[in-house]
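Remarks on the structure that follows.
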Amino acid sequence: MLQQFLDPAVLASISSLDLIAKTVVDGFVAGLHRSPKFGFSQEFAEYQQYAQGDDLRHIDWNVFARSERLYLKRFKGETNMQLLILLDASASMTYGSGKVRKIDYARFVAASLAYLSSQQRDATGLIVFDQDVSGYIAPSTRQGQLMRILHAIEKAEGGSRTDFSKPFIHFQQFLKRRGIVVVISDFYEQPEQIVKVIEPLRYRGNEVVLFHVLDPNELAPKFRDPVLLQDVEDETAIEVSPDYARNEYRTKIDEHLRNLAEKSRAAGLDYFFMNTAKPLDEGLRNFLALRQRRM
């Protein structure tokens, strides 16, 4: 039953991104409620005095009527965390061999994480990038933040080449408090370069999560005759034989995945692979398991 909420092909048939996020998270969290491993209790825990910038929706107006002081209701399971999502919208992300392109799958993941973060009353922000930063929404819990983020995610579309340096420099310039940084990308760059530009975020106390999104046809290409493949980012083309795709190519892509995973984890980055033909649950579980370690 849960798989229908997480199947990317089913999600692609839903026109509204906010409905997709709600469908995924509500269905997924409902399943987690049956597991003692993940706690999402909304039982009241304590009051916290209001500070400028806090979300007015959480003020207890009954307390204000009695004391003329502003207090926020805090609930068990809240972590007061900041989440920043970096979404790769480069040209290579527009590839898809089935109903769902990589950029679509990445949107589903980003929207679901933003919705989940909003439900947990965390400050959430977004950077959309290719070789430049094409969109930035500063982390916040203010009213309407979720819809602003979902709108920006929905507009994200394949641009030009990927350049990891600029968005990460941009992020460091505006970083005010530590939290969790989630990077969603196909990571078509040398693992050493990826880790080099992302690793400095760890020095500021952030936990960094890499969601590596690839299409199944990129993992195991299937064709009977030689084909001419063109790079969507630099427009270079090479002729590829079926024998090369079955053997040498698979060895290279496997080595790339292994190296990126090993170098990321050696640098203290959390790395998770996501196949666009698979449901979203593994990636979400990995994210929630990371959150549990912070609570």
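We did not get these values from a lab; they are worked out from the coordinates using the rules stated. Quick caveat: nothing in here was measured; it's all calculated off a predicted structure. Here the Cβ is made from the backbone with ideal geometry for all residues, glycine too, and neighbour counts use every protein chain on show.
Specify the inter-centroid distance of segment 84-121 and segment 253-284, based on alpha-carbon positions, in whole Å.
15
Give me the one-decimal nm value for the distance between modelled label points at Gln143 and Arg178, 7 Å along each residue's Cα-to-Cβ direction.
Those two pseudo-labels are separated by 3.4 nm.
Applying 1/(1 + (r/R0)^6) with R0 = 41 Å to the Cβ-Cβ distance of Ser13 and Leu70, what FRET efficiency is obtained, to the nearest 0.05?
So, using R0 = 41 Å, E works out to roughly 0.40.
Any idea how far apart Asp132 and Lys278 come out in nm if each label point goes 7 Å out from Cα toward Cβ?
Modelled inter-label distance: 3.6 nm.
With respect to the cross-link table entries Lys155/Lys278; Lys102/Lys252; Lys22/Lys278, which display a Cα-Cα separation exceeding 22 Å?
In this structure, Lys155/Lys278 exceed 22 Å between Cα atoms.
In debye, nearest 20: dipole of segment 98-160 around its Cα centre with unit charges on the Cβ of K, R (+) and D, E (-)?
With Lys and Arg at +1 and Asp and Glu at -1, about 200 debye.
If I take R0 = 30 Å and measure r between the Cβ atoms of Arg265 and Asp60 in this structure, what FRET efficiency does the formula 1/(1 + (r/R0)^6) give, to the nearest 0.05?
For Arg265 and Asp60, the calculated efficiency is 0.10.
Evaluate the distance, in nm, between pseudo-label points positioned 7 Å from the Cα of Glu192 and of Lys166 along their respective Cα→Cβ axes.
2.5
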